[in-house]
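Step one of this worksheet: look at the structure below.
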Amino acid sequence: LHQLVELTLQKMAHGGIYDQLGGGIARYSTDTRWLVPHFEKMLYDQALVSDIYLKAYQLTKKPLYEQTARGILDYVIDDLQSPEGGYYSTRDADSEGVEGKFYVWSRGEITKVLGDSEAGLFCDYYDVSDTGNWEGHNILNVPKPAEEIAKSHGISVADLDTRLGAARKELFAVREKRIKPHLDDKILSAWNGLMIASM
């Protein structure tokens, strides 16, 4: 049973259902590879899924689970927390009338931000191509182990992590300038209870 749970958690953490740039988990996956989510981010999903990753980390001490939990919790604090402290309900899936538009990338957009060398590394790691992996666009996901990507670029895993971290920050800053999906700013006691428990 542990193996099945861990496989699921690993696939979710590396899939498009997890926001690889901004943290947080989408509502559900529309495919069997966890690649294409319904891009809506519900508070109760952030609460329940972060809780599972926290429990998995406590049991296994695997860094991926801690990082994913932190990514979800940090997202909630950054995007769904009201000035008074309560948590908002939802960040919608659509912006400008198009589902997922806020989250997807073209290879050209990434190259423009990062430059050829860093874009090449980033695109290899996050499965970004000229043709895209979803309707002509790219949903960031991690289909290959870090060790494989690092080896193919002749760098250490530590160097890969550092460079990817810097690239994510740059791309996140650019993405923040896009028109965001609508925020549902209801503060519901039950959902807040779940989120507070996970926090």
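Brief remarks follow.
- Filter result (at pLDDT 95 or above, among the polar types (S, T, N, Q) and more than 16 Å from the chain's Cα centre (by Cα)) within segment 31-64: Gln58, Thr60
- Taking the criterion of being out of contact with any strand residue (DSSP E or B) (no Cβ under 7 Å at 6 or more places or on another chain) and within 15 Å of Gly71 (Cα to Cα), the residues of segment 16-43 that qualify are Asp19, Gln20, Leu21, Gly22, Gly23.
- Evaluation of Asp161 against (1) open to solvent by 60 Å² or more (accessible area, probe 1.4 Å); (2) more than 27 Å from Asp31 (Cα to Cα); (3) in contact with a helix residue (DSSP H, G or I) (Cβ under 6 Å, 6 or more places away or on another chain) (one fails), failing number: (3)
- Tyr88 fulfils the conditions (1) without any contact (Cβ under 8 Å) to a residue 60 or more places away in the chain; (2) surrounded by 17 or more Cβ atoms within 10 Å (Cβ to Cβ) except for a single criterion, (1).
- Restricting segment 164-199 to residues that are of a type in the set (Val, Ile, Thr) and open to solvent by 60 Å² or more (accessible area, probe 1.4 Å), the residue that is farthest from Val98 (Cα to Cα): Ile196
- Residues within segment 23-41 that are surrounded by 20 or more Cβ atoms within 10 Å (Cβ to Cβ) and under 22 Å from Met195 (Cβ atoms), tallied: 7
- Matching residues, segment 99-158, being crowded, with 17+ Cβ neighbours inside 10 Å, out of contact with any Asp or Glu (no Cβ under 8 Å at 6 or more places or on another chain), hydrophobic (A, V, I, L, M, F, W, C) and in a helix (DSSP H, G or I): Ile110, Ala119, Leu121, Phe122, Cys123
- Close Cβ contacts (under 7 Å, 6 or more residues apart or on different chains) running from residues in segment 23-34 that are farther than 15 Å from Tyr103 by Cα to residues that are polar (S, T, N, Q) and open to solvent by 70 Å² or more (accessible area, probe 1.4 Å) are absent.
- Segment 49-63, residues that are of a type in the set (A, V, I, L, M, F, W, C) and crowded, with 17+ Cβ neighbours inside 10 Å: Val49, Ile52, Leu54, Ala56
The values are calculated or read from the model by the stated rules, or taken from the named source; none is laboratory data. None of these values were measured; they are calculated from a predicted model. Every residue, glycine among them, receives a Cβ derived from its backbone with ideal geometry; neighbour counts consider all protein chains shown. Heavy atoms of the whole protein, side chains included, go into the accessibility calculation; ligands, DNA and RNA do not. Shrake-Rupley method; radii C 1.70, N 1.55, O 1.52, S 1.80 Å.
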